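Notes follow once the structure below has been shown.
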Amino acid sequence: MIGLGSYGYTAPSSKKINAYDVPQGVDIRGRFDEEFAKILTKDALQFVADLQREFRNHIKYAMECRKEAKRRYNEGALPGFDPATRYIREGKWTCAPVPPAVADRRVEITGPVERKMIINALNSGAKVFMADFEDALSPSWENLMRGQINLKDAVEGTITFNDKARNRVYKLNNEIAKLFVRPRGWHLPEAHIFIDGEPATGCLVDFGLYFYHNYATFRNTQGQGFGPFFYLPKMENSREAKIWNSVFEKAEKMAGIEKGSIRATVLIETLPAVFQMDEILYELKDHSVGLNCGRWDYIFSYVKTFQGHRDRLLPDRGQIGMTQHFMRSYSNLLIRTCHQRGVHAMGGMAAQIPIRDDPTANEAAFELVRKDKQREVKAGHDGTWAAHPGLIKTCMEVFTNNMGNTPNQFKTVKRNDASNLTEDDLLQRPRGVRTMEGLRLNTRVGIQYLAAWLTGSGSVPLYNLMEDAATAEISRVQIWQWLKYGVELDGDGLGVRVNHVFGRVVEEEMARIEREVEKRSLRKECIKKHARFLLANALLQLWMIF
């Protein structure tokens, strides 16, 4: 997904009354706003342009390498460990010591860079808040620039939010979570900023603007001399990690701060990347603080990688948990890799949200969270993710009961047994069945999420789970896969092929959605007004072949 180009295009003009002051070669195509201009300063844009000019050819080459790998996988090849980098995997090296400010990361909360969300997340009691420009954010010009303003205010400690509906003012507590920021992936352009006639790279815009405005204050207030801290998404190999390392070094040189000040955690959320975890850490050695099991995108990547493989069809989305052998192997190898190199092995997202009107269902959901977090901490993860502030206490109790006062498990859980994991373990076919209810749920979630995304919301509560682009992608590509290969719904005794019932299912689920939005606040006024238009557009994107 890219920035929504329809937002506020400013036509070129020789006389602009309200125009951004831009350096040579930079063109802002988003609408002018005086608040945005405080972020889009000439010097900040020059920094972004310098990054773009130095690294754009490296990025283009990396994206071409992705296309070539995709071609090989579509022709039957499988991802695997690279024999040429065996010396890195078998070497006795470690990453730079983890900064004291982020030694303890036992529970992290994630969410979009929205003002109220940032305040609630920083106040949530979590050790870390990952502010998201990626999967949890619809990348409109408004959302992106407001997000930069919000983060600047958060770093400065001045952020507040006046909720007039509740007659309440939100502000930061004395103790807050450490702030990590997740920019977009390498593959996403930014449609609102052009540099030398081509769209800027989205992640360089997100990183560059945030770093330029906040590095000095962050190091003094949150980083204890280090930082800023980042999460890096969607990488497929160490070549892409090497580009990030070079970006960090250039930023540190520009700022006049020590090499290794910037630190980042890489999400292992693509199937090819699981075979390059050592290599990714090696490239980011001075800037790394760990890896994270981005398990929802990882499931999506399994389908994307094997889209040409008829023998690797997924069961219902709800059956692809961490107890599946290929998922458990991925988690265990990540833990071993991180602890061998002296950095954090972060667990996956608890996507549940509190169910306030049903205590029994709420307790059942929380029990699922406890079991998942118990599995993670026992396996050796140093921390975990939660999507809602209401889960923080539960997750924290599980990790603290098992870890005590130790900030992490680097030295206590080595997982040497995972050294025996093979390519076959990491690629084992998922087990399970496909059902009509699975098809219906995927259809409802996919359509509703994309409808919300098109109206500006990238993080959406649906059916007691917090859905973002990653979970919506699973819904989309799973149905695509089932349709492509004409699979039979074999799990509920129906024995019908998806192709024969899909049209009817879409119509029925669209009708159900229109009834449900009457009862929910999911952009209700917008969906009611434009329901068929939004759902038709969402449907088009939903079945698009990636």
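The values are calculated or read from the model by the stated rules, or taken from the named source; none is laboratory data. From a predicted model like this one, the values you see are computed outputs, not experimental measurements. Because the Cβ atoms are built from the backbone with ideal geometry, glycine has one as well, and the counts that use them run over all protein chains shown. Quick note on the areas: whole protein, heavy atoms, side chains included, nothing else; ligands and nucleic acids left out. Shrake-Rupley method; radii C 1.70, N 1.55, O 1.52, S 1.80 Å.
Numerical summary
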read-out: DSSP beta bridge pairing in the chain, given as percent antiparallel to the nearest 5; value: 35
read-out: Total charge dipole magnitude, the stretch 44-427, about the Cα centre, Cβ charges on Lys, Arg, Asp, Glu only, Debye to nearest 20; value: 460
read-out: With every protein chain in place, the stretch 108-186: carbon and sulfur % of accessible area (1.4 Å); value: 39
read-out: When each of 60/242; 378/411; 253/285; 60/152; 70/484 is checked by Cα-Cα distance, pairs over 25 Å; value: 60/152
read-out: The stretch 44-427 - accessible surface per residue (Å², probe 1.4 Å); value: 37
read-out: Formal net charge of residues neighbouring residue 441 (Cβ-Cβ distance under 14 Å; K, R +1; D, E -1); value: -1
read-out: For peptides 396-408, 472-484, 298-310, 38-50, sequence by mean Cβ density within 10 Å, most packed first; value: 472-484, 298-310, 38-50, 396-408
read-out: Mean residue ellipticity (222 nm) of the chain, computed from DSSP H runs ≥ 4 via -39,500 (n - 2.57), nearest 500; value: -15000 deg cm²/dmol
read-out: Listed candidates (1) 80, 55, 43; (2) 101, 54, 45; (3) 64, 59, 50 - label of the one calculated as Cα extents along the principal axes in Å; value: (3)
read-out: Environment charge at residue 177 (Cβ cut-off 9 Å; Lys +1, Arg +1, Asp -1, Glu -1); value: 0
read-out: Mean separation of Cα contacts under 8 Å, 6 or more apart, over the residue count of the stretch 44-427: relative contact order %; value: 19
read-out: Peptide ranges 510-517, 222-229 listed from the most packed, as the mean C-beta count within 10 angstrom indicates; value: 222-229, 510-517
